[in-house]
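Here's the structure, in structure tokens; my notes come after.
The values are calculated or read from the model by the stated rules, or taken from the named source; none is laboratory data. All of these numbers come straight from a predicted model, not from anything done at the bench. We place every Cβ from the backbone using ideal geometry, glycine too, and count neighbours over all the protein chains shown. The area values use the complete protein model at the heavy-atom level, side chains included, leaving out ligands, DNA and RNA. Shrake-Rupley method; radii C 1.70, N 1.55, O 1.52, S 1.80 Å.
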Amino acid sequence: VEGQIKEETAAQWCFDHQEPAGLGTNTMPSAIHYCLPIIGTRSVLGVLGVLPKSGKEAFLSDQVVMLKTFAGLLASALERLRAAETAEKTNLLVEKEKLRNTLLGSVSHDLKSPLSAIAGAAGALLEETPKNPLLISIKQEATRLTKIINNLLDMTRIEGGQIQLNMQPYYPAEIIGIAVDACREIMKKHKLSLHVKDNLPLVKMDGLLMGQLIQNLLENASIHTPSGAEVDIQADIVQGAFRLIVSDNGHGIPTGQEKEIFSKFATFARGDKPKGTGLGLAICQAIMTAHQGMIWAENRPEGGCRFTIELPAHLTMSEVQ
């Protein structure tokens, strides 16, 4: 057992220091193996332990050179195997993601038409009996499912590279106003305030996608904050870049999930509020990535959270060019 520990110690020292150890060296020469590090281009891949045929005599200098050459060839072979394994895993992940997106897109398309028919029929019946709770519930749930399906389709198109940005100069207040008007119904139980800087310059963006992003942030706030919570929209130019902040005074983001919430299908809930679908914020991040911008989330010291988006300075314009 003592001899085994000695050999493991020599091998570990060789790995940590990237130098030979053991028999015939100045480091633990009483070991019975000559240990050589297998050094790759980025890291140590392992240790080669060689036992001389005689069992005790150290290797000659020309034999050491040969062993070092062999260790170098072994390192190259291991790196090729590792690269091939990584490429295979990457290909599998890509194919898995393609298959999932294809299935999501197919199912979403198949569900969209019947859901639209259900919502339309419920709306028509509500005109005759406007206070029927069952019809109201049917229409609300059909509308909610339609929103989920639209998010699935949007995510599939964005990740598949099927959406081309239509970059045009817009006044930020115009895009914000349209998005706020579209969210009046879902924000009716919240206090919405606007603090948009006067005389903001034109900013190049895809107006439809940016409007959808703002709507998603407002919808996220409506889901994850209690009724009566205040939601605030701020917009300004900061160091030449366009910055928009959507903040609330709700429960905030669970600690450690400030980045994870932008992943697809990542959901969380606090209190009696339901979980979302986990797609709205992922779509926001995809839209900002397409614009070469940034989006991040953080909790506010006074309570609640804020979502900040920033478009690069080169998209800010003083006039239409």
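Open to solvent by 40 Å² or more (accessible area, probe 1.4 Å) and in contact with a Lys or Arg (Cβ under 7 Å, 6 or more places away or on another chain), is that true of Met28? Yes: the conditions hold for Met28. Within the stretch 144-157, residues that are over 13 Å from Lys112 (Cβ atoms) sit with their Cβ atoms under 8 Å from residues that are hydrophobic (A, V, I, L, M, F, W, C), at 6+ positions apart or across chains, in these pairs: Met155/Leu104; Met155/Leu279; Met155/Ala282; Met155/Ile283; Met155/Ala286; Arg157/Ile163. The residues of the stretch 230-250 that are crowded, with 20+ Cβ neighbours inside 10 Å and under 18 Å from Asp198 (Cβ atoms), listed by number, are Ile233, Ala235, Phe242, Leu244. Would you mind stating whether Leu135 is modelled with pLDDT of 85 or more and either outside any helix (DSSP H, G or I) or open to solvent by less than 50 Å² (accessible area, probe 1.4 Å) (or both)? Taking the combined requirement at face value, the residue satisfies it.
Being of a type in the set (Lys, Arg), over 26 Å from Ile283 (Cβ atoms), under 26 Å from the mean Cα position of the chain (by Cα) and at pLDDT 75 or above is a condition met by at least one residue of the stretch 88-108.
Residues that are of a type in the set (A, V, I, L, M, F, W, C), modelled with pLDDT under 95 and farther than 27 Å from Ile149 by Cα are absent from the stretch 287-296 altogether. Could you tell me whether the stretch 208-230 includes any residue that is in a strand (DSSP E or B) and among the hydroxyl-bearing types (Ser, Thr, Tyr)? No, the stretch 208-230 contains no residue that is in a strand (DSSP E or B) and among the hydroxyl-bearing types (Ser, Thr, Tyr).
Which residues, counting only those in the stretch 36-59, are touching a residue at least 24 places away in the same chain (Cβ under 8 Å) and closer than 15 Å to Gly72 by Cβ? The answer is Leu36, Pro37, Ile38, Ile39, Gly40, Thr41, Val44, Leu45, Gly46, Val47, Leu48. Across the stretch 192-207, the number of residues qualifying as in a strand (DSSP E or B), polar (S, T, N, Q) and open to solvent by 30 Å² or more (accessible area, probe 1.4 Å) comes to 0. May I ask you to list the residues in the stretch 296-307 that are in contact with a helix residue (DSSP H, G or I) (Cβ under 9 Å, 6 or more places away or on another chain) and without any contact (Cβ under 8 Å) to a residue 60 or more places away in the chain? Within the stretch 296-307, Trp296, Ala297, Cys305 meet the criteria. Based on what the data block shows, is Gln257 open to solvent by 50 Å² or more (accessible area, probe 1.4 Å) and in contact with a Phe, Trp or Tyr (Cβ under 8 Å, 6 or more places away or on another chain)? Against the criterion (open to solvent by 50 Å² or more (accessible area, probe 1.4 Å) and in contact with a Phe, Trp or Tyr (Cβ under 8 Å, 6 or more places away or on another chain)), Gln257 qualifies. All conditions in (1) touching a residue at least 40 places away in the same chain (Cβ under 8 Å); (2) within 17 Å of Thr289 (Cβ to Cβ); (3) surrounded by fewer than 18 Cβ atoms within 10 Å (Cβ to Cβ) hold for Gln164, with the sole exception of (1).
Among the residues of the stretch 49-97 satisfying the criterion of being assigned to a loop (DSSP other than H, G, I, E, B) and within 16 Å of Thr25 (Cβ to Cβ), which is least open to solvent (accessible area, probe 1.4 Å)? Taking the candidates together, the pick is Pro52.
Taking (1) touching a helix residue (DSSP H, G or I) at 6+ places or on another chain (Cβ under 8 Å); (2) within 21 Å of Lys189 (Cα to Cα); (3) at pLDDT below 85; (4) open to solvent by 40 Å² or more (accessible area, probe 1.4 Å) in turn, Gly271 satisfies each apart from (1). In the set (1) closer than 17 Å to Cys284 by Cα; (2) modelled with pLDDT of 90 or more, Ile223 fails one condition alone, (2).
Could you list, in sequence order, all residues of the stretch 166-191 that are assigned to a strand (DSSP E or B) and closer than 12 Å to Leu208 by Cβ? Listed by number, the residues that qualify are Met167, Gln168, Tyr170. Of the residues making up the stretch 173-191, those that are surrounded by 15 or more Cβ atoms within 10 Å (Cβ to Cβ) and in contact (Cβ under 8 Å) with a residue 40 or more places away in the chain are Ala173, Ile176, Val180, Met187, His190.
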